[in-house]
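Structure record follows, encoded as structure tokens.
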Amino acid sequence: MAENLSNPGKTIKVDFLTRVEGEGGLYIRTENGAVRDVKLNIFEPPRFFEAFLRGRHFQEVPDITARICGICPVAYQMSSIHALEAALGVTPGPEIRMLRRLLYCAEWIESHALHIYLLHAPDFLGYESVIAMAAEHPREVERGLRLKKIGNQLLDFLGGRATHPVSACVGGFYKVPRRKDLARFRDDLEWGLGAAKETVAFVAALPFPDFTADYEFVSVSHPDEYPMNERRIVSSAGIDIEPAEYERVFLEEHVAHSTALHSVRADKGSSYLVGPLARVNLNLSKLMPQAQAAARACGIAWPCRNPFMGIVARAVELTHAYEEALAIIETYQEPATSRLELKVRAGEGCAATEAPRGVLYHRYRINDQGLVESAKIVPPTSQNYRRMEDDLRGLLPGVLDRPEAEITQLCENLIRSYDPCISCSTHFLKLRIDRG
Amino acid sequence: MSPRLLVVGCGNILAGDDGAGVEVVERLVEAGVEGCQLCLMPSGGVDLLEMFPAADVVLFVDAVTSGAPAGTLHLVPLGAAADSSGDEDITAPVIVRRAVGSLSSHGLGLLETFELARALGRHVPRVILLGVEIGEVTPGAPRSPAVEHALSTIVQGFSRLQALVVDPNSSLWRSARQFPPEDDSFPGR
């Protein structure tokens, strides 16, 4: 539990993060009623995978990176595929491109529905968890579960298996779906589109803490499409770069209190925000028509600078993903060949795509045998760490006089709004053996 | 009609011993085990909920850490069917909640899923956890010999374990049990 934050000179650790060894913690120090220090430390698995990928054949990479995260395997797979295609100098055709967007839609549906209904909505409705919420709001929870299930089924169908999709590969897909098989999803996707719009109305009416911050929003950007797979990276502060310039503009820093690297703007050392809120703020006009209409009608002024309202941005994107998935299956044409023939060559390539929780950057160098010589993976959560700490620094001074349970809940709610990717490459259960 | 048994393997096969649950199920598929449905769910979590309607009994195979020697096997019953007295606590006190899980969509675990099903009034099958005590979970690490041995134990004697799991009167459902690596009393060993 947090100790009393309002006492002068207190050092506190919010141990909702620290009960499980190795998964991190939140450290806050106050002095004379002022916040002196905020340190967030969450275990981060992708770094281990960078070393693991060295020496592997490039075509093994997408299947390995898909296992970094149980919630966003498509994102890890897609960033690696695009980066490796850049290294090999190939660009798959429009049908493959649309299928990849469909795969991404499925992942956003699954991840956003889970986060909105099962993780974040209980915060605003005053429930400890979705289990307590389910007793009084079974309709909403069942709606969330069905929304998620459809995403799972689509991902399962397209990817071969739901959690770690295997059908996408460098150059295309191992196997592409038949048009008539995709058409079977139409009814479910239509139901989902309606339910997603209901979701926007549901979350926009939640009571949000009164807090805003001065963010630099960062997202992938495409001239004609809502950002998913490609290609430039833009920010609300005027950045507009190719992925190849990413490491010049954004810097990863070691910080003493964390095993994870923290990303900042390289020139001024400032934090920035990636994820649904940044994407909607920067790409509102590129949302599908119904999603855009829902965003504009929900009563929230965009650009929105309240991080707690990230749940509304997620709901808008949930709507977009359902709407775009429907549009893709309507127009889908089976490609003549499922994947390009690849000529192996030495090279380097990078790409950024939009994981459900934000920009995911990959860079690979491969040799003339097609073996990986170096890999770099910058996940969205590490880009948001500094921003999370800045938000906590901004939020805490205004709430230090509140009861500690309330402060803890507010901190949890804020961190949850980022949906941080936490230690997701392993899943073991921790048992306590009580011998009485 | 015999109870419908679903065997679910959880874990990441690229993270050393963490993949024990997935490996067990893959080996059972290879061995052509009959009389149950076998399924992989690398991340576990809330998707289990969608599998509950198809099962009367779920054997959930996962890597666990309790401080016991690597290769120790645990059998932990998680509760009775939903149509029992109703006041039985179906959560298992020996499974520690992943506190960090509540912060992100990565963490809705077995317990939470179980409780959510009950809160929604959904069909809740009997669930028993078959835990494999792990040693090494670093991504890319090989499986430790003790865990490898434990996996063979499970797969070789699976028909005996299967018979006990589907029998609601078997001793497996009475209390959690632990089988150290050298213990010969694990069902089927």
Among A:227, A:62, A:138, which one shows the biggest mean-square fluctuation in a GNM of chain A, springs joining Cα atoms closer than 10 Å? A:138
Shape call for segment A:51-174 from the C-alpha gyration tensor, a ≥ b ≥ c root eigenvalues: rounded (a/c under 1.5), prolate (a/b greater than b/c) or oblate? prolate
For the protein assembly as shown, the Kirkwood Rh over every pair of distinct alpha carbons, in Å, works out to 25.0 Å
Indicate, rounded to the nearest 5 percent, the antiparallel portion of the DSSP beta bridges found entirely in the protein assembly as shown. 70 percent
Taking R0 as 45 Å and r as the Cβ-Cβ distance between residue A:179 and residue B:189, the FRET efficiency 1/(1 + (r/R0)^6), rounded to the nearest 0.05, comes to 0.30
Relative contact order (percent, whole number), segment A:360-422, Cα cutoff 8 Å, 6+ residue spacing: 26 percent
Using a 10 Å cut-off on Cβ to Cβ distances, tally the other chain neighbours for every residue of B:13-19 and report the average as a whole number. 5
Solvent-accessible area of residue A:326 with every protein chain in place, 1.4 Å probe, in Å² to the nearest 10: 20 Å²
Checked segment A:49-417 with the C-alpha gyration tensor, a ≥ b ≥ c its square-rooted eigenvalues, rounded below a/c of 1.5, otherwise prolate if a/b is larger than b/c and oblate if not; verdict oblate
Sort out for me the Cα centre separation of segment A:190-224 from segment A:246-270, rounded to whole Å. 27 Å
Using helices alone, what [θ] at 222 nm do you get for the protein assembly as shown, with -39,500 (n - 2.57) per DSSP H run of 4 or more residues, divided over all residues and rounded to the nearest 500? -11000 deg cm²/dmol
When chain A is treated as a Gaussian network with springs between alpha carbons less than 10 Å apart, the largest mean-square fluctuation among A:266, A:278, A:295 is found at A:266
For peptide A:63-73, how many partner chain Cβ atoms fall within 10 Å of a residue's Cβ, on average? 4
To the nearest 10 degrees, the tilt of helix A:404-417 (Cα long axis) against the first principal axis of the alpha carbons of chain A is 10 degrees
On the protein heavy atoms, probe 1.4 angstrom, tell me the percent of accessible surface of segment A:213-335 carried by carbon and sulfur. 51 percent
Gyration tensor on Cα atoms of segment A:250-392, a ≥ b ≥ c root eigenvalues, a/c under 1.5 rounded, else prolate if a/b beats b/c, else oblate, says oblate
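The values are calculated or read from the model by the stated rules, or taken from the named source; none is laboratory data. Please read these numbers as outputs of a predicted model, since none were measured by experiment. Here the Cβ is made from the backbone with ideal geometry for all residues, glycine too, and neighbour counts use every protein chain on show. We work out accessible area using only protein heavy atoms, side chains counted, and drop any ligands, DNA or RNA first. Shrake-Rupley method; radii C 1.70, N 1.55, O 1.52, S 1.80 Å.
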